[in-house]
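Right, one structure below, let's go through it.
Throughout, read-outs are computed from the coordinates displayed, never taken from laboratory work. Note that this is a predicted model, so its numbers are computed, not measured.
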Amino acid sequence: MLQGENNDLVQFVGPVAREALEQAVCALPRHQRAPLRRQIAKLDLLFVDKTMNNPLAHPSQHWWFRRC
């Protein structure tokens, strides 16, 4: 797990960075999004593998904000 003493990756860096990636994808023209989405999908798998679902997170948040 990524959680641990003095490790804020899950709560702060991970979700904020993932949100920035999502905004970058949305800012691209449609025909240029797919290559970046493929790369992000690989990173998403790593993030999901190293975190757990937070059942207390609000369901309206993006999935990356609902991990701990």
Sorted largest first, extent of segment 26-68 alpha carbons per principal axis (Å): 37, 22, 9
Provide the per-residue ³J(HN,Hα) series for segment 16-22, in order, calculated from phi with Karplus coefficients 6.51, -1.76, 1.60 and θ = phi - 60°, each as a whole number of Hz, with x at glycine and proline positions. 5, 5, 5, 5, 5, 5, 5
Note the full-extension length gain between M52 and R38 as 0.36 nm times their separation in residues minus their Cα-Cα distance, in nm to one decimal. 2.8 nm
Whose amide H sits under 5 Å from the amide H of R67, counting only residues 5 or more places off or on another chain, with H placed in the peptide plane? N54
